[in-house]
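Student: Okay, here's the structure, questions in a sec.
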Amino acid sequence: MKILCTNDDGYLATGIGVLARAAEKLGTVTTVAPDREQSATSHSLTMDRPLRVTEIHPDLRIVNGTPTDCVTLATQDLFPGSFDLCLSGVNHGPNMGEDVFYSGTVAAAIESSIQGVPAIALSYADRTSADIEPWLDAILDVLRPLVEHMEAWRDGVLNVNIPPIPPAECAGVRFTRLGRRRFEGSIHRGRDPSGKPYHWIGGGTIHHETERGTDYAAITNGFISVTPLKVNLTAEDVVDVLDALPALDFSPRVGTRAVPGTAG
Ligand code: MN
């Protein structure tokens, strides 16, 4: 099995080192990762400047771009058609609930899925990155069966969160759905050294639902959370609801509207 490893914390982060070492037990590993931290860059693609790929050694390339840039270059240009699986992370910090919309870690996995390579995003639910190291064997134990049963989820992405406790205290694995969370006090105002005002987003207090079955509930109770994500965001049920509303049936007017440039 050929595995692409990437992350959003940069190639020097503890988490990607642990992940690559776990992945080496599953197959041949190639890492293509950002050259610096790219957390919260979501699914952004760099289009306003050239990207530079630096080969640190044959199995490690770094890119001066986003996680999505890394996966795009790896799957389409550097090693086209090569990968059976992409692993993204292990992120230094949780990616649960609405975090998945901001996370570069999850976006890299989604980009891989879009490119046809099944992907798993992994995050450690605490920012004390040194504590990820003891999780290596447990990460491998989680990945192995998920990879063996890839046909069950290969059209989407798996979002794995690891509880911020020692692995010996972990209660097991839960398959979950995304919860909800809200930040309070995360926008800070101040003045820079020259007196100009700024806003700075970060920190604050997080309030999250711990409703049964959610990723937050699993992590709060000491479980590893595995949430399957769909890449196609279409709300299938709402399509049918909107379709059934007579007030939204524009078809008669659409049908009779004159098309510009055609003889009437
Ligand atoms: Mn990160």
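The values are calculated or read from the model by the stated rules, or taken from the named source; none is laboratory data. Please read these numbers as outputs of a predicted model, since none were measured by experiment. Reconstructed Cβ throughout: ideal geometry from the backbone, glycine too, with neighbour counts over all protein chains shown.
Student: With (1) surrounded by fewer than 15 Cβ atoms within 10 Å (Cβ to Cβ); (2) in contact with a helix residue (DSSP H, G or I) (Cβ under 7 Å, 6 or more places away or on another chain) as the list, and ARG49 as the residue in question, which single condition is left unmet?
Tutor: Unmet condition: (2).
Student: Return the pair list, or none, for Cβ contacts closer than 9 Å from residues in the stretch 29-46 that are without any contact (Cβ under 8 Å) to a residue 24 or more places away in the chain to residues that are outside any strand (DSSP E or B) and small (Gly, Ala, Ser), at least 6 apart or on different chains.
Tutor: THR46/GLY65
Student: Same structure again: Go through the stretch 187-218 and count every residue that is part of a loop (DSSP other than H, G, I, E, B), modelled with pLDDT of 95 or more and more than 20 Å from VAL160 (Cα to Cα).
Tutor: 5
Student: Hey, can you tell me all the residues within the stretch 21-48 that are away from the ligand (no atom under 12 Å from the Cβ), touching a Gly at 6+ places or on another chain (Cβ under 7 Å) and not β-branched (Val, Ile, Thr)?
Tutor: Passing the criteria: only ASP35.
Student: Would you pick out the residues in the stretch 159-218 that are touching a residue at least 60 places away in the same chain (Cβ under 8 Å) and β-branched (Val, Ile, Thr)?
Tutor: VAL160, ILE162, THR214 - these are the residues of the stretch 159-218 that are touching a residue at least 60 places away in the same chain (Cβ under 8 Å) and β-branched (Val, Ile, Thr).
Student: If I go through the stretch 1-44 residue by residue, how many of them are surrounded by fewer than 24 Cβ atoms within 10 Å (Cβ to Cβ), within 14 Å of the chain's Cα centre (by Cα) and of a type in the set (D, E, K, R)?
Tutor: Counting residues in the stretch 1-44 that are surrounded by fewer than 24 Cβ atoms within 10 Å (Cβ to Cβ), within 14 Å of the chain's Cα centre (by Cα) and of a type in the set (D, E, K, R) gives 0.
Student: Please determine whether any residue of the stretch 10-20 is more than 16 Å from the ligand (Cβ to nearest atom), modelled with pLDDT of 95 or more, among the hydrophobic types (A, V, I, L, M, F, W, C) and closer than 25 Å to ASP155 by Cβ.
Tutor: No; the residues of the stretch 10-20 include none that is more than 16 Å from the ligand (Cβ to nearest atom), modelled with pLDDT of 95 or more, among the hydrophobic types (A, V, I, L, M, F, W, C) and closer than 25 Å to ASP155 by Cβ.
Student: Return yes when LEU146 is surrounded by 15 or more Cβ atoms within 10 Å (Cβ to Cβ), more than 16 Å from the ligand (Cβ to nearest atom) and over 25 Å from THR66 (Cα atoms) and no when it is not.
Tutor: When the stated conditions are applied, LEU146 passes them.
Student: One residue is enough: does the stretch 56-65 have a residue meeting the conditions over 19 Å from LEU158 (Cα atoms) and among the small types (Gly, Ala, Ser)?
Tutor: Checked the stretch 56-65: at least one residue is over 19 Å from LEU158 (Cα atoms) and among the small types (Gly, Ala, Ser).
Student: Right, next: Among the residues of the stretch 150-161, are any farther than 17 Å from LEU19 by Cβ, surrounded by fewer than 16 Cβ atoms within 10 Å (Cβ to Cβ) and touching a Phe, Trp or Tyr at 6+ places or on another chain (Cβ under 7 Å)?
Tutor: no
Student: Mind checking which residues of the stretch 87-118 are of a type in the set (A, V, I, L, M, F, W, C) and away from the ligand (no atom under 16 Å from the Cβ)?
Tutor: Across the stretch 87-118, the qualifying residues are ILE114, VAL117.
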